[in-house]
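Novice: What follows is a single structure, and I will ask about it in a moment.
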Amino acid sequence: MLRVLILVLAFGLVACEPPAPEGPAPLDPVEEPAVPAADIYGADFDYSSPMPLEAISAVPEQYVGEQVTVAGTVRKVCQKKGCWLTLDAGSGDPIRVTFRDYGFFVPMDLPGREVVLQGDLQQTTVDVEVLRHYAEESGQSQDEVATITEPKIELSVIADGVAVVG
């Protein structure tokens, strides 16, 4: 009788186990790489998939007049208020970034940092007076400012938002 009772209990325990799943085992959910946190200035925007600035500066005619989201390294920042910055465009001249409607400023200690920005790409002719003003605001000497004697065609971005990511 004891054997029958043990056999019934053992059978009951086996019967209580959940059935084995049919088919392949479920996959663990894939974790997306986290987008690093950033300090945002101006409007918030999706800074997770920017274009490299070099790609835009290589064929600017394809992007002039368009809204772009680009990544680059800050070269200079206005040392009066942080009201503009320039980005290293790889080869060639840097790209100047101003902020839509003078609506926000960035920290003046950004040179060398990585940023992602979103705004409208433009190509403009900058006159001598404005070029000298920019030179003064970036801390160049009066002798350096005096060497600016010709207007310059340059790419610029009117940014709606800037994310400092590195």
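Novice: So, for region 27-166, what is the accessible surface per residue at a probe of 1.4 Å, expressed in square angstrom?
Specialist: 57
Novice: Run the simple label-point estimate for residue 133 and residue 81 please: 7 Å along Cα→C-beta, distance reported in nm.
Specialist: 1.1
Novice: Name the aspartates and glutamates eligible as straight-distance cross-link partners of residue 80: C-alpha to C-alpha under 15 Å, and not fewer than 8 places from it in the same chain.
Specialist: Result set, ordered by chain and number: 109, 136, 137.
Novice: When only DSSP loop residues count, what GluC sites (Glu not before Pro) in region 42-125 have their Cβ near at most 14 other Cβ atoms within 10 Å?
Specialist: 66
Novice: With an 8 Å Cα cut-off and a minimum separation of 6 or more residues, compute the relative contact order for region 30-117 in percent.
Specialist: Over region 30-117, the number comes to 29 percent.
Novice: Using the beta-carbon distance between residue 113 and residue 140 and R0 = 22 Å, what value does 1/(1 + (r/R0)^6) give for FRET efficiency, to the nearest 0.05?
Specialist: Computed FRET efficiency for residue 113 and residue 140 comes out at 0.60.
Novice: Could the peptides 147-153, 122-128, 102-108 be put in order, highest first, of the mean number of other beta-carbon atoms found within 10 Å of their residues?
Specialist: For the peptides 147-153, 122-128, 102-108, the packing ranking is 102-108, 122-128, 147-153.
Novice: If you rank 96, 132 by how much accessible surface each has, with a 1.4 Å probe, what is the order from largest down?
Specialist: 132, 96
Novice: Turning to a different aspect of this structure: Averaged across orientations, what area in nm² does the convex hull of the alpha carbons in region 51-130 project?
Specialist: Result: a mean projected hull area of 5.5 nm².
The values are calculated or read from the model by the stated rules, or taken from the named source; none is laboratory data. What you see is a predicted model, and the numbers here were worked out from it, not measured in a lab. Note that we place each Cβ from the backbone using ideal geometry, even for glycine, and neighbour counts take in every protein chain shown. Heavy atoms of the whole protein, side chains included, go into the accessibility calculation; ligands, DNA and RNA do not. Shrake-Rupley method; radii C 1.70, N 1.55, O 1.52, S 1.80 Å.
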